[in-house]
1. Sketch the reach of a paramagnetic label on Ala467 as a point 7 Å from Cα along Cα-to-Cβ, and name the residues of the range 513-535 whose backbone nitrogen lies under 15 Å away.
2. Taking a point 7 angstrom from the Cα of Leu695 along the C-beta vector, which residues in the range 592-635 have backbone N less than 14 Å away?
3. Sort largest first and round to whole Å: the equivalent ellipsoid semi-axes of the range 403-449, each the square root of five times a Cα gyration tensor eigenvalue.
4. Kirkwood hydrodynamic radius, the range 805-849, all distinct C-alpha pairs: what's the number in Å?
5. Test of understanding: what is the full-extension gain from Val320 to Ala415, defined as 0.36 nm times their sequence separation minus their Cα-Cα distance?
6. Pop a pseudo-label 7 angstrom from the Cα along the beta-carbon direction at both His172 and Asp242 and give the gap in nm to one decimal.
7. Tell me the accessible surface of Leu189 in square angstrom (1.4 angstrom probe, heavy atoms of protein chains only), to the nearest ten.
8. Efficiency by 1/(1 + (r/R0)^6): what FRET value for Leu646 and Arg491, r their Cβ-Cβ distance, R0 = 41 Å, to the nearest 0.05?
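The values are calculated or read from the model by the stated rules, or taken from the named source; none is laboratory data. Worth saying up front: this structure is predicted, and the values here are computed from it rather than measured. For neighbour counting, all protein chains shown are included, and Cβ atoms are generated from backbone atoms with ideal geometry for every residue, glycine included. For the accessible areas, the whole protein counts, side chains as well, though only heavy atoms, and no ligand, DNA or RNA atoms are used. Shrake-Rupley method; radii C 1.70, N 1.55, O 1.52, S 1.80 Å.
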Amino acid sequence: MAAIAQLTWAQEEPEARDVIRIEVTGSNIPRAEGETALPLQIITREEIVRSGSTTVAEVMARVSANVLGYNDQISISDSLGRPGMSSVNLRGIGDGSTLILLNGRRVANYAFDGGAVDVNSIPLAAIDRIEILKDGASAIYGTDAIAGVVNFILRKNYRGFDADAFGAWTEHGGGDQYQVNLSAGYGDLARDRFNVFVTASYQKDHALSAAARPFSRTGFIPAEGIQLLQLPTFPASIFAVDAGRFFSPDLASGCAPPASLPTTNPFPGEHEAVCGFDAARFRDLVPPVERTALFGRTTFQISANHQLFAEAGYSHNEFVLRSEPTGVSEFQSNDRIPLIYPAGGPYYPTAFAEANGISGDLSLSYRTLPLGLRIHSVDTSAWRGVIGMEGVAHDWDYSAALSYSLTEETERFDAGDISIARLRAAMATGLINPFGPSGPEGDALLAATQVTGDMHHAKGSTLEVEAKASKAVYRLPAGPLAIAFGAEARREELENQYSPFVASGDISTFTDLQSAAGSRSVQALFVEASIPIARGLEAQVAARYDHYSDFGNTVNPKLALRWQPAKSLLLRASWGTGFRAPPLYDLYTPFSHIFIFPQSDPVRCPVTQSPRDCEVEFSAVVGGNPALRPETSTQFNAGIVWEPALGLSLAADYWKIAKDDTFGGIDEFTLFANFAHFEPTNIVRGPVDAAFPDLPGPIKTVILQEQNVGRLRASGIDVDVKWRGLEMPIGRIGFMFDGTYFIQWKLQGDGLNYGSALGVGAFPRWKHHAALDWTLGAWGATLGQTYQTGYEDSNVDRAGNPLPRARRVAGYDIWDLDTRYAGFKNFTLALGVHNLMDRAPPFTNLQRLPVGFDPSYADPRGRAFYARITYAFK
């Protein structure tokens, strides 16, 4: 650890110290020991390069403690939430409970979401190392560091020049990647009294379409219980109100494959055959992305003991999200008004209508296939600036800085989205053929229904000033007593503004989305002490006081013990508490109105048997909740580190997290399954019906806003093995292993009953990453494996009903190989393979798009070959 650390304690006066002391994530007190009282994983720049990764998200996907983090693949299916975002989710308890730092300082949350940091904004080429604290650090860095901290340490004080070019090509086509990185540094702090360092990178990722992979190219796999064909289709179907069912004119001829296929109406109680649209084949699995980043740092050695520094960074990512054409019917619109084709129109299916007893205007279930795919572009930008000073004054190590970070995101309609009002008017002319090709006039009318322009724009910022100092203040019999203290103040602001035509609810597939904004100020005081109790026994005691402008005061303590009874053995334990204020959007997003999946009123329906009480698409409201309470937590960790031989380290740590008042939403299925519990708070009824005076009034509104749903309990064991290896005639062989076993992960998702996530959904009970490294002279190779255990499949249909037979999703292992040669002057050549065994994602019958696999669990690209050439001199 000391070999890779760059932050030294009073470097200018090494003769005044017995040993060089370093600052690591998890403490504000520099220390000499490599292993601390807290479990810390460090990923070096060398390990990052050898992994063949091109983004921070790819590196963090290999970390065993990181479970269910967001990634680019999920973005395609989440255009309303976090498009373009990737996140880190330590312990799987929510990415908002993992604190992300850049050089030890906060950055603004992703403005579309407001609850977590987008690691896509951090350029991988600028990173020197990643420090992952797998224990809560609320008392050290902030109350919200419940699951841990990921500190991205950027390169600094670099002299020289390096450039590398990278390319990766998949064996089965699609998803290729290209990247170029440039870094340059000038100036020696000791000689020139300054250093300037700049790095720039550009990356282009190509799309991978669902149709390009056999496991994802269709949403109709009846043998596996998957029926994701959607009723709005092309050619259109007809909803006959009198019969209460759908009719498909093209059903007799087999519909219009491959886009439209025969299926069974999935509506409850309806089993007639109809044509359904295979939306899965029209989606991308991996979006095309262009990434640009620039980072620079300047350091001035203004005196022997004082440095002035400034950092600036900018990143820009542009995503293109492509999905199936728009579906329109009265069931897909917010106002439940049908899409009508007029009787007497030139494309009216007279013979089919007469044969099925249909007359008059037609209520259509229609897909705008002639317009092509829906295409959204998402631009994300992040700016960051820091100016500060650090050094030694009167034997106090100090650091003070002012930082500002800003994220901006814009999502645009590029093609395929339509105005419902325009489409209704155009269809009413009769000139658009909903059952086949239209003429030029009809095509022009249909094209004119499209909407383009900005969908919404969001901005988030964090302004922070912080200062801290540390010193060994007293020498006890067992060693020096060191303390650190500091203060911090920050201002957080978020705003997500929807365009008026989007907020109006006129855009098909979107509810009446509401703009939201909010801000808060936080001031904090913190103190920490390193207390040597006896020889080899040390205590770390810390406390943090925070004042939130919207949630008042909170104090969070931390206690950690480190005992080294022998040079080769270390025992450690820690305990602390946490406090997480609700994300600003969860508080301040206005209500939106939606219609829920058909439900029956358990109180009235058994008595009235009325259509307004039984199987009703009740009106519901979703949105923020100003009455939300903060999440609170307790974290505990205990572990052992043993070095049985030189260069070999074995570690195991037990961890436990208890979180109360977790944030979340209640869906209609959960609410109606626990109706008696939720009725007083989540059901709004109308006046009592005179026909049934002994019953409460009919349900008017269902409240599905954000709320504190219940408790979360998680625990597990981390295993870490590092073997530096020995020099042998065949070279040096090293090994590392990082694994996490979940003992428990359960959540009161309904506020009443605990449900375990372990082995259910895409939550693996065990995950590990292992790497075997070999070097001999200028040659080197690394063989890595990332493995996750399988899990129980979703086993439910679209209505939430259990499927007749259970199944399991298989475990998933990916092997990567990196080979390199550095025998050329200033050049290094690397060739490698991602997914060496060409492992396809294990099949899942999860009833959602993309189909056939879970993008939070597996990568759909398959085997990919890559090459990297690096030129460097110092």
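1. What the label zone holds, given the 15 Å backbone N cut-off, is 524-526.
2. In the range 592-635, the label zone of Leu695 (backbone N under 14 Å from the point 7 Å along Cα→Cβ) covers 600-616.
3. Values: eigenvalues 275, 21, 10 Å².
Each semi-axis is the square root of five times an eigenvalue, giving 37, 10, 7 Å.
4. Details: mean 1/r = 0.0714 Å⁻¹.
Value: 14.0 Å, from the Cα pair sum.
5. Numbers: separation 95, 0.36 × 95 = 34.20 nm, distance 1.12 nm.
So the chain would gain 33.1 nm between Val320 and Ala415.
6. It is 5.0 nm.
7. Solvent-accessible area, nearest 10 Å²: 30 Å².
8. Details: r = 50 Å, r/R0 = 1.23.
Taking R0 as 41 Å, the efficiency between Leu646 and Arg491 is 0.25.
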